[in-house]
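Q: What follows is a single structure, and I will ask about it in a moment.
Laboratory data are not the source of any read-out in this text; all were calculated from the coordinates shown. All values reported here derive from a predicted model rather than from experimental measurement. Here the Cβ is made from the backbone with ideal geometry for all residues, glycine too, and neighbour counts use every protein chain on show.
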Amino acid sequence: MLKQIISSKFPFLIAGLIFVLFSCNSMPGEEDALKLNQDGVALMNAGKYDSALHTFVEAGKIQLLSQSTKGTIYRNIALTYNSLDKIDSSIHYSTLAAKCFKKNSYDYLINMADVDLLTGKTAAALSKLLKAADQYPDEMSVNNSIGLIYLGEFDEEHMDLKKALVYNTRAFEIAGDRVTEEVLASNYYKLEDYKNAEFHYDHLLENHPDMISYFLYGGMIKHKLKKKTEADKLFEKVMAMDSSYRYTIEEFREENNK
């Protein structure tokens, strides 16, 4: 059950994971745009996607931006639209972002790989991402995207959980943010490494106590580890936050108490 719940939201998680944040230009308006971009990233990582989108769009309206900064902002707009399940808009802005960079450069490749992923061309996306990883192996965005592909979140043909773990771990080590840790935790769960999954979900809960999904997944993992009392306490918190999860929890218990 947990595998199904986590898997269903991965195509949208990608939008919280692949931010490009940098520019060293000092053109008029550049600093204002970068500040808005950083604000948008913080909102995105907090799950406030509508506010993040508004902030990124405002950053994109600033005049006289470098191509690099413009590409960064377009990319973040695309990723936010992806989180909002507005796929056509995400494709449009990913294409605009790619056009801001030299063809076959790292930034061009990762943006066009996003277009491929959104249009069901997983093999083409993986080819571009592996080329990008050859150029910059320590960039979070490319590690995260390759990890998601190997997790099987776009098609089962490319699923390889052990390969995914390598890239998911690297992405988390580089970024250390909420979303990369969530992806890593879910991979451990799929590999039935419940101790490591528990460690990361406990950490997520500690730092993000407003995220109901972490209480739910944490409870499921503790149930798997035979920590029934701890699991029940987490399930009770889920129910207090949103009683509609009752059926999900009951179904999970029924499936895992056999």
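Q: To the nearest 500 deg cm²/dmol, what mean residue ellipticity at 222 nm is calculated for the chain from DSSP H runs of n ≥ 4 alone, each contributing -39,500 (n - 2.57), summed and divided by the residues?
A: Mean residue ellipticity at 222 nm (helix-derived): -23500 deg cm²/dmol.
Q: Note the angle between two axes, namely the Cα long axis of helix 106-118 and the longest principal axis of the Cα atoms of the chain, as a number of degrees from 0 to 90, rounded to the nearest 10.
A: The answer is roughly 50 degrees.
Q: While we're looking at this one, here's another question. Ratio of Rg to Rh for the chain, alpha carbon only, Kirkwood?
A: Expressed as Rg/Rh, it is 1.00.
Q: Can you give the relative contact order of the chain as a percent, counting alpha carbon pairs under 8 Å and 6+ residues apart?
A: 13 percent
Q: Pairing the Cα long axis of helix 212-224 with the longest principal axis of the chain, what angle in degrees results, from 0 to 90 and rounded to the nearest 10?
A: Approximately 50 degrees, to the nearest 10.
Q: Quick one: angle between helix 178-190 and the longest Cα principal axis of the chain, in degrees between 0 and 90, rounded to 10, please.
A: It is inclined by approximately 50 degrees.
Q: A further question on this structure: Pop a pseudo-label 7 angstrom from the Cα along the beta-carbon direction at both residue 192 and residue 99 and give the gap in nm to one decimal.
A: Rounded to a tenth, the inter-label distance reads 5.0 nm.
Q: Only residues of the range 188-232 count here: report those whose backbone N is under 14 Å from the spot 7 Å along Cα→Cβ of residue 257, or say none.
A: Label zone hits: 223-224, 228-229, 231-232.
Q: Rank the residues 170, 75 as a footprinting-exposure proxy: fewest other Cβ atoms within 10 Å of their Cβ go first.
A: Least crowded to most crowded, the residues run 170, 75.
Q: In whole Å, how far is the Cα centre of the range 89-148 from that of the range 153-230?
A: About 24 Å separates the Cα centre of the range 89-148 from the one of the range 153-230.
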